[in-house]
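A short worksheet on the structure shown next.
The values are calculated or read from the model by the stated rules, or taken from the named source; none is laboratory data. Worth saying up front: this structure is predicted, and the values here are computed from it rather than measured. Counting neighbours? That spans all protein chains shown, and the Cβs are built from the backbone with ideal geometry, glycine included.
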Amino acid sequence: MPTYRRLHLPGTSYFFTVNLADRRASLLTDRIADLRRAYADTVASAPVICDAMVVLPDHLHAVWTLPPGDSDYSERWRKIKHRFTRAVGAEVGRTAHPTRSASKRAKREAGIWQRRFWEHAIRDAQDYRMHVRYCWGNPVKHGLVARAAEWPFSSIHRDIRAGRVDAGWAGELPEGMFGE
């Protein structure tokens with residue numbers, strides 16, 4: 001069994017990419033209320049600062065800053081995935097789900113999510129800005145909208161209201177690795 005090494009730095013900002021197992025699915029946006037509830041319940045007991053987040057049909061990106069002394073982002077993602085999976089119910093994950101492998105069945109996993117996620121520890125202010133912009137612009141990259149503010153499931157709306165980004169920002173994306 002492989003050992004996955006993750007960098008755990010308390011109080012650090014991280015960028016995440018979390019994918020559904022079926023990359024053709026639209027479960028995250030179809031059941032956005034369930035995802036929001038799973039997220040809210042998780043961060044109520046294990047707070048983070050959500051610097052940016054975007055939810056697309058089959059994956060999401062987030063920039064979180066963890067509290068001082070806390071580096072347990074993996075447990076937060078495990079709880080969000082678990083709560084969302086329970087909310088959407090067995091009919092979505094446990095019946096004829098096309099991505100539910102024998103291994104997932106043996107471990108009683110619903111098969112909704114990819115087992116792992118991509119994380120990147122933010123190195124500096126420029127890296128932070130690049131990853132926040134990547135969250136904002138991801139719906140444009142995937143051809144879902146022409147301008148980032150047109151996508152309803154994004155923290156860009158909060159950031160427009162706060163004056164951190166112009167409402168007309170088109171979604172120019174930086175080059176880099178983002179876990180997609």
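For the stretch 72-79, the criterion of a residue being touching a strand residue (DSSP E or B) at 6+ places or on another chain (Cβ under 7 Å), surrounded by fewer than 19 Cβ atoms within 10 Å (Cβ to Cβ) and farther than 15 Å from Thr17 by Cβ is satisfied by no position.
Among the residues of the stretch 88-128, those identified as out of contact with any strand residue (DSSP E or B) (no Cβ under 7 Å at 6 or more places or on another chain), of a type in the set (A, V, I, L, M, F, W, C) and at pLDDT below 95 are Val88, Ala90, Val92, Ala96, Ala102, Ala106, Ala110. Selection of the stretch 117-163 for residues being surrounded by 14 or more Cβ atoms within 10 Å (Cβ to Cβ), not in a helix (DSSP H, G or I) and not hydrophobic (A, V, I, L, M, F, W, C) yields Glu119, His120, His142, Arg147, Ser154, Ser155. Of the set (1) within 27 Å of Gln126 (Cα to Cα); (2) buried (at least 20 other Cβ atoms within 10 Å of the Cβ), all apply to Ala21 but (1).
Considering (1) closer than 26 Å to Arg123 by Cα; (2) surrounded by fewer than 20 Cβ atoms within 10 Å (Cβ to Cβ), the lone condition that Thr42 does not fulfil carries the number (2).
Select from the stretch 153-180 the residues that are in contact with a helix residue (DSSP H, G or I) (Cβ under 8 Å, 6 or more places away or on another chain), of a type outside the set (A, V, I, L, M) and modelled with pLDDT of 95 or more and list them in ascending order. Within the stretch 153-180, Phe153, Ser154, Ser155, His157, Asp159 qualify.
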